[in-house]
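For reference, the structure is listed below as structure tokens.
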């Protein structure tokens, strides 16, 4: 592995993250939040000092080539170190009592999980809340993807870095140059974010609320500056805007590039996107019907509004809430629970298993049944117009197996904290799927502050594993990775 080049790039990316802290630092200054201002300033100074010393140390005789191992190592360390530094303002300002809680919060931010240790949010400094929401937005499209877009000197090495961070079993390369692809994705991301912010302003929200909500919506994250999440605004208009943009964030961003380049037929023929919209539509209608029939809400329109929001929130792994769904009928709750294991599309800001993997496994089962009936038949696995290669199908099967194993093992370990079965199982899979809210004590009205410090460190690791899709992190834990 090229240690000098890894350290060189890590120093640059930490400088970039630290520089972005200047925005919440200025908010702290403008609003008279002295402790927060000092915490941001001190953190920026610490990061710049460490990074400049690192750059000076590795500057000489540095080989710029990057291998596959370097991609895995760099991406993992970039997220771990960015979180370590990003958590400092939360802790140094006194807004969070412990560093473990602050680290959990920022890891939850960067990984777009949206889980929080806070029971009272609105009393915290607005600059601190802005920073935690900003980490959502940075993590949504990927901090490494943004880094690659802004540093074209990386050349072919950028492909390995983006590949190690990007989500989904298939990777869309929009242009021959990976730097151009990364820049296009970020431009689309920024453009959609601006549109949502403007629409929320039309709904009567302040600029601060509109921006922070957009940060978490477009990232399919879930941090909100209000105690009651999006439900605090009690606005059908805001609910509708956020629902639409959650669904936008959960779709493959490559499709938006195809729309911009007038390749409309390719978008319509995309099998994963059609399955994505179909799953959301069916589950939304089913849950809404259950709510209406059981009298949870007086009208079907109201039932549909709340159902559409909650199903979109959990399926896209955003983690916002407008209702306490734990008091809903059992059928509606079960629909939401099943969506825990779907997720967004490949190439989206959403987490989870991903729609393409779910659809693939369903089609593998059908093909296997057909094979039993017609032993000599050949039944290719198709998602839309695309036929998946055997190695892709096998990698999807391996991913799902390791995914459930990770979630179950995590839930068993969490049971040592004496939480109930529902809470431990829900916590494990909502952190692994980067969903943010679940059932039991970590439902829409709960938080993660009751977990001991060691559990917060464990869950921080699980969130990272889920965001980098298991194998990028797990590869570092094998002997073969470290062999020359």
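Numerical summary
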read-out: Residue list for the stretch 441-484, restricted to those being surrounded by 14 or more Cβ atoms within 10 Å (Cβ to Cβ), in a helix (DSSP H, G or I) and free of Cβ contacts under 8 Å to residues at least 40 places away in the same chain; value: 441, 461
read-out: In the stretch 97-125, the residues that are touching a residue at least 24 places away in the same chain (Cβ under 8 Å) and not in a loop (DSSP other than H, G, I, E, B); value: 100, 101, 103, 104, 105, 106, 107, 108, 109, 110
read-out: Hits in the stretch 377-393 (condition: assigned to a strand (DSSP E or B) and touching a residue at least 24 places away in the same chain (Cβ under 8 Å)); value: 382, 383, 386
read-out: Residue 75 vs. criteria farther than 27 Å from residue 470 by Cβ and in contact with a helix residue (DSSP H, G or I) (Cβ under 9 Å, 6 or more places away or on another chain); value: no
read-out: Any chance residue 334 is in a helix (DSSP H, G or I), free of Cβ contacts under 8 Å to residues at least 24 places away in the same chain and either within 15 Å of the chain's Cα centre (by Cα) or at negative phi (or both); value: yes
read-out: Test for residue 425: is it in contact (Cβ under 8 Å) with a residue 60 or more places away in the chain and on the phi < 0 side of the Ramachandran plot; value: no
read-out: Wholly enclosed helices (runs of 4 or more DSSP H) of the stretch 1-92 bearing at least 1 residues under 30 Å from residue 475 (Cα atoms), touching a residue at least 60 places away in the same chain (Cβ under 8 Å) and over 24 Å from the mean Cα position of the chain (by Cα); value: 3-20
read-out: Lone qualifier among 282, 248 - being assigned to a helix (DSSP H, G or I) and touching a residue at least 24 places away in the same chain (Cβ under 8 Å); value: 248
read-out: Only one of 330, 288, 312 that is at pLDDT 95 or above, over 23 Å from residue 188 (Cβ atoms) and surrounded by 23 or more Cβ atoms within 10 Å (Cβ to Cβ); value: 288
read-out: Residue within the stretch 154-165 that is closer than 30 Å to residue 388 by Cβ, modelled with pLDDT under 70 and part of a loop (DSSP other than H, G, I, E, B) present; value: yes
read-out: Flag if residue 319 is closer than 18 Å to residue 437 by Cβ, at pLDDT below 95 and touching a helix residue (DSSP H, G or I) at 6+ places or on another chain (Cβ under 8 Å); value: yes
read-out: The one condition in (1) assigned to a loop (DSSP other than H, G, I, E, B); (2) touching a residue at least 24 places away in the same chain (Cβ under 8 Å); (3) within 26 Å of residue 389 (Cα to Cα) that residue 317 fails to fulfil; value: (3)
read-out: Qualifying residue in the stretch 394-417 (condition: in contact with a helix residue (DSSP H, G or I) (Cβ under 7 Å, 6 or more places away or on another chain), in a helix (DSSP H, G or I), without any contact (Cβ under 8 Å) to a residue 60 or more places away in the chain and more than 30 Å from residue 333 (Cβ to Cβ)); value: no
read-out: Residue check, residue 462 out of contact with any helix residue (DSSP H, G or I) (no Cβ under 6 Å at 6 or more places or on another chain) and modelled with pLDDT of 95 or more; value: no
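The values are calculated or read from the model by the stated rules, or taken from the named source; none is laboratory data. The model shown is predicted, which means the values in this text are computed figures rather than measured ones. Here the Cβ is made from the backbone with ideal geometry for all residues, glycine too, and neighbour counts use every protein chain on show.
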